[in-house]
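*Asks:* I'd like to ask some things about the structure below.
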Amino acid sequence: MNITPVVLGLIMAFSFGTSDFLSKGVTARIGSYRTTLYILTISGIGALFPALLLKSSFEITPFFAGILVLVAVTTFLSFASLYRAYNRGMLSLTSPIVNAYPALSVVISVVLLGATFSVGAFLALGVVIVGIVLVSTSFSDLRKRVFTGGQPVAPGIGSALLAAIFFGVSWTAFGYASEHLGYLLPALAVRIGAAAVGLALIPLVKPEIRPVSGRWVPMLLVMALLETIGIVIFSLGVTIAPSPGTISVLATFGGMSAAVTVSYAIVILKERLEINHIVGVVSLIVGVVALIYLTS
């Protein structure tokens, strides 16, 4: 039974989930666009060091050059939408929507990359994704918004949906590039290349860009370190356990970062644990065990 992708996916979930939780305060202070640029740039610099140890290829065809460009563009759009959603909306509503991207990643892997899964494996993936949503959603907040006549769409939901779409494309393309080109070039595209896209769009978007100072500097560095760990872990998983299904498994467990984010909110912010959270935890455990067995 090969549990390597699962273990690496759980490390990804912890890293990305912690970074997402910290981003709530950072984006409120310096804005989503600046947060995106700083995180992509700093984590991109950190992601260069593992290139000394991991295998890389520099034989690029026009096709793979296009894939790398796709990775850079969709990654920037993913993070810009992600931080905008977290800045404008509640984490309990936006986080599960953003982290629904594994479902799209699975579809892309099957249609474009030739991945094959049994019916049971698809059901297990579905259970994991349902668990992510249940653990990450506060039903009481949702009911309150509906019955008090609030806006039908909560703030940040649109950006969260865009982030999920772009992440689904980005992670699939990044995994595919990593399988064929090794570590360095895809890692550059998914961080430095994505930051370059953001810089190129500044004249069009015209965001307010200024240096960050004070206590937000170490916060950004911690977030960037966690993002670096997550991206290196993903590349490592694709490299040491290559198969069409590896990308989907890693993406699915990486999507469990929403559960990590909300767990922080429950423990640190003392948010009340609801029945759907309990059901979600059970769903995650059952789904994880079933997925390990069915994909081994």
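The values are calculated or read from the model by the stated rules, or taken from the named source; none is laboratory data. Being a predicted model, the structure only gives us computed values, none of them experimental. Ideal geometry is used to build each Cβ from the backbone, glycine not excepted, and the neighbour counts take in all protein chains shown. Just the protein is used for accessible areas: all its heavy atoms, side chains included, with ligands, DNA and RNA removed. Shrake-Rupley method; radii C 1.70, N 1.55, O 1.52, S 1.80 Å.
*Asks:* Mind checking which residues of region 180-206 are within 18 Å of residue 31 (Cα to Cα) and of a type in the set (Val, Ile, Thr)?
*Replies:* 197, 202, 205, listed by residue number.
*Asks:* Contact list please: Cβ distance under 9 Å, first residue in region 159-182 and over 13 Å from residue 76 (Cβ atoms), second residue charged (D, E, K, R), pairs at least six apart or on different chains.
*Replies:* From residues that are over 13 Å from residue 76 (Cβ atoms), the pairs are 159/84; 159/88; 160/84; 181/59; 182/55.
*Asks:* Select from region 37-49 the residues that are surrounded by fewer than 18 Cβ atoms within 10 Å (Cβ to Cβ) and either among the acidic types (Asp, Glu) or under 9 Å from residue 187 (Cβ atoms) (or both) and list them in ascending order.
*Replies:* 48
*Asks:* Could you go through region 92-112 and let me know if any residue there is at pLDDT 80 or above and of a type in the set (Ser, Thr, Tyr).
*Replies:* Yes, region 92-112 has at least one match.
*Asks:* Of the conditions (1) touching a residue at least 60 places away in the same chain (Cβ under 8 Å); (2) open to solvent by less than 30 Å² (accessible area, probe 1.4 Å); (3) within 22 Å of residue 213 (Cβ to Cβ), residue 32 satisfies every one except a single condition; which number is it?
*Replies:* (1)
*Asks:* Pick from region 54-76 the residues that are of a type in the set (Phe, Trp, Tyr) and surrounded by 12 or more Cβ atoms within 10 Å (Cβ to Cβ): which of them is farthest from the chain's Cα centre (by Cα)?
*Replies:* Applying the filter and picking the extreme gives 64.
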